[in-house]
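K.L.:
Let me begin by handing over the structure; questions about it come next.
Taken together, the values in this text are just the output of simple stated rules run on the coordinates, not laboratory data. In this text, all values refer to a predicted model and were calculated from it rather than measured experimentally. Virtual Cβ from ideal backbone geometry, glycine too; neighbours counted across all protein chains shown.
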Amino acid sequence: MTQTLKPGLMARWLEAHWLWILLPVVLIKVAIAYGLPMTGDEAYFVLWGKHLDFGYYDHPPMAGWMMALQLLVSDHHLWLRVPGLVTELIIAAALYALFRPVDAIKARWLALLFTLSPLSLINVFTLTDTGCILFAALAFVAAARGLLTQHIRWAVLAGVSLGLAFLSKYFAVFLGLGFVIFYAFAGRRFWRHGLVLVLVAIPFGLLNLYWNYTHCWSNLLFNLVNRNAGGGFGWQSLLAYLGMMAYVILPPIWLALRAAQQQRSSLRANLQPVISLAATLSWTAGLGFLWVSLSKDIGLHWVLWFYPMVLVLLLPLPVARWAKLTKVVSWVSVVHVVVLLGILYAPFSVWKSQPRVQWYLLAMTEAPAILKQARTEADELQAGAWQPAWEAASARKSLGVDALVPDQPKAERAIATLSYASASVLAYQVREPVMVMGEGAKYARQDDSLTDFRSLDGKAVLLLLKKPNEQPNAENWFATSRRFSLTYRGQTFHFLAGEGFRYEAYFQQVLVSVRERFYQFPSWLPSGECAFTSRYFAPE
């Protein structure tokens, strides 16, 4: 029997000291989480956490809820990433607990292989996918435990986990579909489990549906209408998906899956339904994303939630094969970690031949200093009635204005950008609201709910630009304005300082177009509440 083959030296050490592996794993994750600047998506979800709700413009609320909990303690980026940092560790522990009563040795190798896989090891982000990855795995573990024990309480827990996965990301619908397919063909003895699981999960979906009804149908408009506008069949997205799946699962594991399928009959009878469940969920998700890839690109992070189920399919393999797989995958992970840490902790000067990289590094890490310099320049332009600062100061001194007129307190200039990513990253760094001006993109339009442009009428705004001529009609939004640039650590940053925001002009040039592009409700949706349209547009 191949089961008796002895693993190599490294494999024997891993098996004997597997708990000690947690220490370097945690240290690696902490090093990555600490060294990586806050990304646009994560900063956007911090904004969600500061405005707690049952839903947000483009996704269900779980990422915002996670951030809200973290913000109760600190807003340091390392702390905010703790949910993402521990998710894979929780899943590994759950997989080990599930299979330990059946086969403790294989349960240990399964937990190790999952933990040491490249994307598990380097994943430290707190995103919408974080909750989906965690709760999808817990739903599978609970359902599988129910299959092994025949206790209905595990079906209840699986239903709760499925509901929470759905409140994390809508692609959890593939998870729900997989459960329905499995229980429909699993035999009568499991039908009650499937019915309970589905009934428990339904209220979570109804909660999200009601929130959408009272919030412009935001999630449905974004995911079913706006996001897919102009889409069509594309071979490139399909091929990219297939290549991505080869990378996510890795060729050695693909080969091992084939061998495991051939040896499945060697498993104990009570494990067969669990393997069938893992296979059904994996195939449903894989084929579901394949279908989606026919018309749009698939994100790497979208597919990570069913990776644990894929590894469960390896259970029929002998221990020696598990040891070999873990060794190979571990070395692949070492390469990933070395490259990633080398990039994250490289000195700033290393990127001197890549000025765009330096620009983004400064924008993502030193925005407060850049913004302080920009505000000073904007205020000097305003004080000098758009004269050069030195000329305006000389004129005031010669007229004695500074001595005759006392300093007047002035409101802080509002800050704006033209995209959600730059607005979110800037807001996270400077710890103050940053609005999005202009029509923007179809993604991440949460600022539509947060900013009331009517209240800005007549006020001063500092608009961050990526290019000196970006948004050429922005001057029309203000009574007076001036574009200017500043240099910070060798990189140039562009701004527009606007005085006297003209709400009516902005309404006609921007808000009307925003409604036409992003808030057109299909006839098949019942008429609900929408703060954006009721705020700016009279009922029609």
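K.L.:
With a sphere of radius 15 Å drawn around the Cβ of MET62, what net charge do the other residues whose Cβ falls strictly inside it have (Lys, Arg +1; Asp, Glu -1)? Write down the numbers at each step before the final one.
P.N.:
Working: positive: LYS169; negative: ASP41, GLU42, ASP53, ASP58, ASP129.
Net of charged neighbours comes to -4.
K.L.:
Between TRP283 and ILE152, take the C-beta separation as r, use R0 = 22 Å, and let me know the FRET efficiency to the nearest 0.05. Can you show the working numbers first?
P.N.:
On the way: r = 26 Å, r/R0 = 1.19.
The pair TRP283/ILE152 has a calculated efficiency of 0.25.
K.L.:
Hey, another quick one. Suppose every Lys and Arg Cβ carries +1 and every Asp and Glu Cβ carries -1, with no other charges. What dipole size does the chain come out with about its Cα centre, to the nearest 20 debye? Show your work: numbers first, answer last.
P.N.:
Working: 44 positive and 31 negative charges, 480 e Å.
The dipole of the chain has a size of about 2300 debye.
K.L.:
Then there's this: What is the extension gain from VAL26 to THR492, computed as 0.36 nm multiplied by their sequence separation minus the C-alpha to C-alpha distance, in nm to one decimal? Present the calculation step by step, with values, prior to reporting the outcome.
P.N.:
Details: separation 466, 0.36 × 466 = 167.76 nm, distance 3.81 nm.
Taking 0.36 nm per residue and subtracting the Cα distance, the gain is 164.0 nm.
K.L.:
Mean shadow of the stretch 234-293, computed from the convex hull of its alpha carbons, in nm²? Could you put the intermediate results ahead of the total?
P.N.:
Details: hull surface 17.9 nm².
Its average projected convex-hull area is 4.5 nm².
K.L.:
I would also like to ask the following. Just flag the trypsin sites (Lys or Arg not before Pro) in the stretch 174-277 sitting in loop per DSSP whose Cβ has no more than 12 other Cβ atoms within 10 Å.
P.N.:
Working: sites: ARG188, ARG189, ARG192, ARG227, ARG258, ARG264, ARG268; in loops: ARG268.
In loop regions of the stretch 174-277 (DSSP not H, G, I, E or B), the sparsely surrounded trypsin sites (Lys or Arg not before Pro) are ARG268.
K.L.:
OK, next. Between VAL339 and ALA369, take the C-beta separation as r, use R0 = 25 Å, and let me know the FRET efficiency to the nearest 0.05. Could the numbers behind the result be given before it?
P.N.:
On the way: r = 30 Å, r/R0 = 1.19.
It comes out at approximately 0.25.
K.L.:
Which residues does the label zone of LYS352 cover in the stretch 485-511, counting backbone N under 17 Å from a point 7 Å along Cα→Cβ?
P.N.:
Zone members listed by number: 488-492.
K.L.:
On to the next question. How large is ³J(HN,Hα) for each residue in the stretch 522-530, as worked out from phi by the Karplus curve 6.51 cos²θ - 1.76 cosθ + 1.60 (θ = phi - 60°), to whole Hz, x for Gly and Pro?
P.N.:
Karplus-based 3J(HN,Hα) across the stretch 522-530 equals x, 5, 7, 9, x, 6, x, 8, 8 Hz.
K.L.:
Once you have a ≥ b ≥ c as the square roots of the Cα gyration tensor eigenvalues for the stretch 99-156, tell me rounded if a/c is under 1.5, and otherwise prolate or oblate according to whether a/b is larger than b/c.
P.N.:
Details: a/c = 4.92, a/b = 1.31, b/c = 3.76.
Oblate, because a/c is 1.5 or more while a/b does not exceed b/c.
K.L.:
Can I ask one more? Kindly provide the trypsin sites (Lys or Arg not before Pro) of the stretch 444-540 that DSSP labels as loop, not H, G, I, E or B, and whose Cβ sees at most 13 other Cβ atoms within 10 Å. Intermediate values should be presented prior to the final figure.
P.N.:
Details: sites: ARG445, ARG454, LYS459, LYS466, ARG482, ARG483, ARG489, ARG502, ARG515, ARG517, ARG535; in loops: ARG445, LYS459, LYS466, ARG489, ARG502.
Answer in residue order: ARG489.
K.L.:
Any idea what angle helix 153-166 forms with the longest principal axis of the chain, computed on alpha-carbon atoms, 0 to 90 degrees, nearest 10?
P.N.:
Here the helix axis deviates by roughly 30 degrees.
K.L.:
Another question, if that's okay. Can you list the residues of the stretch 416-435 with backbone N under 17 Å from a point 7 Å past the Cα of GLU470, pointing along Cα to Cβ?
P.N.:
Answer for the stretch 416-435: 416-430, 434-435.
K.L.:
Counting only Cα, what are the radius of gyration and maximum Cα-Cα distance Dmax of the stretch 272-360, in Å?
P.N.:
Values for the stretch 272-360 (Cα only, Rg and Dmax): 19.3, 57 Å.
K.L.:
What number, in percent, do you get for the relative contact order of the chain if the mean sequence gap of Cα pairs under 8 Å and at least 6 apart is divided by its residue count?
P.N.:
Values: 737 pairs, mean separation 90.7, N = 540.
Taking the mean separation of contacting Cα pairs over the length of the chain, I get 17 percent.
K.L.:
A further question follows. Of all the Cα-Cα pairs you can form in the stretch 68-137, what percent are over 18 Å apart? Please list the in-between numbers first.
P.N.:
On the way: 1045 of 2415 pairs.
When every Cα pair of the stretch 68-137 is considered, 43 percent fall beyond 18 Å.
K.L.:
So, one more: To the nearest 10 degrees, how steeply does helix 355-365 sit against the main Cα axis of the chain, on a 0 to 90 scale?
P.N.:
The answer is roughly 90 degrees.
K.L.:
Full extension from TRP291 to ALA269: what is 0.36 nm times the residue separation minus their Cα-Cα distance, to one decimal in nm?
P.N.:
On the way: separation 22, 0.36 × 22 = 7.92 nm, distance 3.35 nm.
Taking TRP291 through ALA269 to full extension adds about 4.6 nm, to one decimal.
K.L.:
Step through the residues of the stretch 262-268 one at a time and calculate ³J(HN,Hα) from phi using the Karplus curve (6.51 cos²θ - 1.76 cosθ + 1.60, θ = phi - 60°), rounding each to whole Hz and writing x for Gly and Pro.
P.N.:
Whole-Hz 3J(HN,Hα) from phi for the stretch 262-268: 5, 9, 4, 5, 7, 6, 4.
K.L.:
Here's a follow-up. The chain: D in µm²/s via Stokes-Einstein (Kirkwood Rh, Cα pairs, 37 °C, 0.692 mPa s)?
P.N.:
Details: Rh = 26.2 Å.
Translational D for this selection: 125 µm²/s.
K.L.:
On full extension of the chain, what length is gained from ILE181 through ARG535, given 0.36 nm per residue of separation minus the C-alpha to C-alpha distance?
P.N.:
Details: separation 354, 0.36 × 354 = 127.44 nm, distance 4.44 nm.
That works out to 123.0 nm of additional length.
K.L.:
I would also like to ask the following. Distance from the Cα centre of the stretch 88-159 to that of the stretch 456-495, in angstrom?
P.N.:
If we compute the Cα centre of each part, the gap is 50 Å.
K.L.:
Between ARG431 and PHE233, what is the label-to-label distance in nm when each label sits 7 Å out along the Cα-to-Cβ direction?
P.N.:
Roughly 5.5 nm, to one decimal.
K.L.:
Next question, about the same structure. Once phi is turned into θ = phi - 60°, what whole-Hz ³J(HN,Hα) does the Karplus curve with 6.51, -1.76 and 1.60 give for every residue of the stretch 184-189, x standing for Gly and Pro?
P.N.:
5, 10, 7, x, 4, 5
K.L.:
Less than 12 Å Cβ to Cβ from LEU134, Lys/Arg counted +1 and Asp/Glu -1: what total charge do the surrounding residues give?
P.N.:
Details: positive: LYS169; negative: GLU88, ASP129.
Neighbourhood net charge equals -1.
K.L.:
Around VAL274, under 13 Å between beta carbons, what's the net of Lys plus Arg minus Asp minus Glu among the other residues?
P.N.:
Details: positive: LYS106, ARG145, ARG264, ARG268; negative: ASP103.
Summing Lys/Arg as +1 and Asp/Glu as -1 gives +3.
K.L.:
Helix 235-249 against the longest principal axis of the chain: what's the angle in degrees, Cα atoms only, rounded to the nearest 10?
P.N.:
60
K.L.:
Considering only DSSP beta bridges where both residues belong to the chain, give the percentage that are antiparallel (nearest 5).
P.N.:
Numbers: 15 of 20 bridges.
So the antiparallel bridges amount to about 75 percent of the total.
K.L.:
How about the stretch 159-250: which chymotrypsin sites (Phe, Trp or Tyr not before Pro) there are in a DSSP loop, with at most 11 other Cβ atoms within 10 Å of their Cβ?
P.N.:
On the way: sites: PHE166, TYR170, PHE171, PHE174, PHE179, PHE182, TYR183, PHE185, PHE190, TRP191, PHE204, TYR210, TRP211, TYR213, TRP217, PHE222, PHE233, TRP235, TYR241, TYR247; in loops: TRP217, PHE233.
Within the stretch 159-250, the qualifying chymotrypsin sites (Phe, Trp or Tyr not before Pro) (loop, at most 11 other Cβ atoms within 10 Å) are PHE233.
K.L.:
A follow-up question, please. By its C-alpha gyration tensor, with a ≥ b ≥ c as the square roots of the eigenvalues, how is the stretch 13-80 shaped: rounded for a/c under 1.5, else prolate for a/b larger than b/c, else oblate?
P.N.:
On the way: a/c = 2.89, a/b = 2.29, b/c = 1.26.
Prolate is the answer for the stretch 13-80, as a/c is 1.5 or above and a/b outweighs b/c.
K.L.:
Do any cysteines in the chain lack another Cys Cβ under 4.7 Å, and if so which?
P.N.:
CYS132
K.L.:
Say R0 is 35 Å: what FRET efficiency, to the nearest 0.05, do LEU199 and TRP331 get from their beta-carbon distance? Working shown, then result.
P.N.:
On the way: r = 46 Å, r/R0 = 1.31.
So, using R0 = 35 Å, E works out to roughly 0.15.
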